[in-house]
Amino acid sequence: MEKPASPSFPKTILVIIVLILGSMYYYAAYVDSPEPERTVKEFYQAYFSRDFESVSQNLSVFWSVRLLPQYANLSPVQLLEKRDSIEKDTSQTIAEMESQNQLPENISINIMPEYTQEGANSAIVVYSFQENGKPSGMELAILIKEKGRFRIFALTPVAPQDLPQIKQESIKELDDSFQKLLSSN
C-alpha cells in the first residue's frame, strides 16, 4: 500500500512573508516619520513650492498672531477657536510678503532625527538646509500640539556647537509651559 503524499508547505508563502517583513521595515525606517518631523517637511515643501495655504496650515496660531495684529488681544483659547480665519489671513499675508522674494534653486531640508524630541503638547525638530546638495545652515523648529496636531510655534537658527545641548534638553518643561498656554483663557 502506497503512503499518501503529505501536503507540503508552499514555498511561495515563505517568500511572501519575507517580502512583507522587509517592506514593513523599509516603511518604518525610511518612509514613516514622526508627526513633528512630517509637519516640518510639509511646511517647507509648501513654502518652497509657494503653496502659502499649506504653509499656514502647518503654522501655530501663536506664530501667526505675530503677523496679524488684529488678533493680538485674543486669549489663547479664542485664537484656537478662530484658527480657520487666522489660517486664511496668514496665507494672504505671507503671500504678499513673499511675492518679491526669490528662493534659491535646488533648496531642500534634511531632518536630523537624532535631535527630534516629542512630548504630549510640544516637540522640537532640528534640520539643515541643503542648497545644491550642500549644507547651508541649520534651524530648530519648536512645535505645539493644537487640537491634536503638531504645528510650528517658532523657528530659530542653530549653530553646530548647540547640538549637544539640544540632545540633553528635556522636553518636559516645554511641554508643561505649552499645556498652561493651551488652557489659559
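The values are calculated or read from the model by the stated rules, or taken from the named source; none is laboratory data. Note that the structure is predicted; figures quoted are calculated from it, not measured. Cβ coordinates were reconstructed from backbone atoms using ideal geometry, including for glycine residues, and neighbour counts include every protein chain displayed. Areas reflect the complete protein model, heavy atoms only, side chains present, ligands, DNA and RNA absent. Shrake-Rupley method; radii C 1.70, N 1.55, O 1.52, S 1.80 Å.
Summary table
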{"read-out": "Residue that is modelled with the lowest pLDDT [pool: residues in segment 8-53 that are among the hydroxyl-bearing types (Ser, Thr, Tyr) and surrounded by 15 or more Cβ atoms within 10 Å (Cβ to Cβ)]", "value": "33"}
{"read-out": "Test for residue 113: is it under 21 Å from the mean Cα position of the chain (by Cα) and open to solvent by 30 Å² or more (accessible area, probe 1.4 Å)", "value": "yes"}
{"read-out": "Of the criteria (1) in contact with a helix residue (DSSP H, G or I) (Cβ under 6 Å, 6 or more places away or on another chain); (2) at pLDDT 95 or above; (3) open to solvent by 60 Å² or more (accessible area, probe 1.4 Å), which one residue 91 fails", "value": "(3)"}
{"read-out": "Positions within segment 153-166 being out of contact with any Ser or Thr (no Cβ under 6 Å at 6 or more places or on another chain) and either surrounded by 11 or more Cβ atoms within 10 Å (Cβ to Cβ) or among the β-branched types (Val, Ile, Thr) (or both), in sequence order", "value": "154, 155, 156, 158, 162, 163, 166"}
{"read-out": "Qualifying residues in segment 61-88 (those that are touching a helix residue (DSSP H, G or I) at 6+ places or on another chain (Cβ under 9 Å) and among the hydroxyl-bearing types (Ser, Thr, Tyr)) - the one least open to solvent (accessible area, probe 1.4 Å)", "value": "64"}
{"read-out": "So residue 181, is it over 23 Å from residue 56 (Cβ atoms), modelled with pLDDT under 95, touching a helix residue (DSSP H, G or I) at 6+ places or on another chain (Cβ under 8 Å) and in a helix (DSSP H, G or I)", "value": "no"}
{"read-out": "Residues of segment 131-151 satisfying the condition of being part of a strand (DSSP E or B), open to solvent by 60 Å² or more (accessible area, probe 1.4 Å) and in contact (Cβ under 8 Å) with a residue 40 or more places away in the chain", "value": "149"}
{"read-out": "Among the candidates 108, 170, residue that is small (Gly, Ala, Ser), without any contact (Cβ under 8 Å) to a residue 60 or more places away in the chain and open to solvent by 30 Å² or more (accessible area, probe 1.4 Å)", "value": "170"}
